[in-house]
Amino acid sequence: MYIGAHISASKGFEAMGKQALKLGANTFAFFTRNPRGGKAKEIDREDVDKLLTLMQEHQFGKLVAHAPYTMNLCAAKENVRSFSIEMFRDDMQRMEYVPGNYYNFHPGSHVGQGAEKGIEMIAEALNDVLFEQQQTTVLLETMAGKGSEVGRSFQELRQIIDRVELDEKLGVCLDTCHIWDGGYDIVDHLDDVLQEFDDIIGLDRLKAVHLNDSMNPREAHKDRHEKIGQGHLGIEAITRIINHPALKELPFILETPNDDEGYRAEIALLRKLSES
Ligand code: FE
Ligand code: FE
Ligand code: ZN
């Protein structure tokens, strides 16, 4: 299985690969810049090449980069939105240094403008930024529906995808805590939920999983991640998730509240529970 966690990008690309190996990981997530936004560091080509070599040697799966939280493609304030779009554009250029990987982002918060308007604005930004030659697949993350988050249902993600011209550059990252909090019963009805995903979005769009337990009961719309097996999903449901035929080949990224040792232990546990 491909499993990893979020890794700090502060020491560069090769350092992230080495840190992933220490955790027993063979994929990882990283923020393309400070998660709160701001300017990204210059990319060191040699450093990137060392990571690419390491990934090849250790048969890594695809990486799942994460956009900064401050990126809101449907912000109501024009300066926030234009800043977000330029950040996104810059990230797309930077991702070409590690070609063929994933870039995951929160579709956005419509901040009172309404989901319909948010969806329009997000699609418009994607149409502005995505380009034919890019080798990165951009993943819309399924959201918990906290506040005015867009992407709280499979339908909302579908509506975004439908409006994007280069839709072959788009995929979906399924966050298990978020969809549970959003109301999808992946504990007792995993097959039905995935069938619904297939009917509405298409399972061929599903490219990565954020594997998190949840501190809250289903449909809470809270988005509080819990350690694997210690929340409302529980270890049995998580075992079914990682072994489900529609999911088991995907990169699983942990975003659980852990330190390095905690991640190492969770990765080891999940590998033991994985049948592949
Ligand atoms: Fe996220
Ligand atoms: Fe997530
Ligand atoms: Zn979350």
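Below, the figures for the structure above:
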| read-out | value |
| --- | --- |
| Answer residue from region 62-76, given it is within 10 Å of ligand 1 (Cβ to nearest atom) and not aliphatic (A, V, I, L, M) and is most open to solvent (accessible area, probe 1.4 Å) among those | Tyr69 |
| Condition check for Glu249: out of contact with any Leu (no Cβ under 9 Å at 6 or more places or on another chain) and either within 16 Å of ligand 3 (Cβ to nearest atom) or part of a loop (DSSP other than H, G, I, E, B) (or both) | yes |
| Residue count for region 129-153, restricted to those that are part of a loop (DSSP other than H, G, I, E, B) and within 17 Å of Ile201 (Cβ to Cβ) | 6 |
| Test for Leu126: is it at pLDDT 95 or above and part of a helix (DSSP H, G or I) | yes |
| Residues within region 252-274 that are within 16 Å of ligand 2 (Cβ to nearest atom), more than 14 Å from Gly24 (Cα to Cα) and out of contact with any His (no Cβ under 9 Å at 6 or more places or on another chain), tallied | 1 |
| Members of region 101-136 that are in contact with a Leu (Cβ under 8 Å, 6 or more places away or on another chain) and among the β-branched types (Val, Ile, Thr) | Ile122 |
| Single unsatisfied condition, Val111 versus (1) open to solvent by 60 Å² or more (accessible area, probe 1.4 Å); (2) of a type in the set (A, V, I, L, M); (3) part of a helix (DSSP H, G or I) | (3) |
| Breaking point among (1) in a loop (DSSP other than H, G, I, E, B); (2) charged (D, E, K, R); (3) buried (at least 19 other Cβ atoms within 10 Å of the Cβ), for Asp188 | (3) |
| Evaluation of Gly147 against (1) within 16 Å of ligand 1 (Cβ to nearest atom); (2) of a type in the set (Gly, Ala, Ser); (3) under 16 Å from the mean Cα position of the chain (by Cα); (4) open to solvent by 20 Å² or more (accessible area, probe 1.4 Å) (one fails), failing number | (3) |
| Residues of region 215-227 classified as within 14 Å of ligand 2 (Cβ to nearest atom) and within 20 Å of Gly4 (Cβ to Cβ), total | 2 |
| The listed residue being on the phi < 0 side of the Ramachandran plot, exposed (fewer than 15 other Cβ atoms within 10 Å of the Cβ) and either out of contact with any Gly (no Cβ under 8 Å at 6 or more places or on another chain) or in a loop (DSSP other than H, G, I, E, B) (or both), out of Asp198, Asp204 | Asp204 |
| Residue match in region 135-158 (condition: without any contact (Cβ under 8 Å) to a residue 12 or more places away in the chain and under 22 Å from Arg36 (Cβ atoms)) | no |
| Check on Asp198, modelled with pLDDT of 95 or more and over 26 Å from Leu63 (Cβ atoms) | no |
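Listed here are the residues, each with its yes/no results for (1) more than 24 Å from Pro257 (Cβ to Cβ); (2) among the β-branched types (Val, Ile, Thr); (3) in a loop (DSSP other than H, G, I, E, B); (4) touching a helix residue (DSSP H, G or I) at 6+ places or on another chain (Cβ under 7 Å).
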position	(1), (2), (3), (4)
Gln155	yes, no, no, yes
Glu168	yes, no, no, no
His178	no, no, no, no
Asn216	no, no, yes, yes
Asp223	no, no, yes, yes
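The values are calculated or read from the model by the stated rules, or taken from the named source; none is laboratory data. A quick note: this is a predicted structure, and the numbers were derived from the prediction, not measured. Glycine also receives a Cβ, built like all others from the backbone with ideal geometry; neighbour counts cover every protein chain displayed. Ligands, DNA and RNA are stripped out before the accessible areas are found, and what is left, the full protein with its side chains, is counted by its heavy atoms. Shrake-Rupley method; radii C 1.70, N 1.55, O 1.52, S 1.80 Å.
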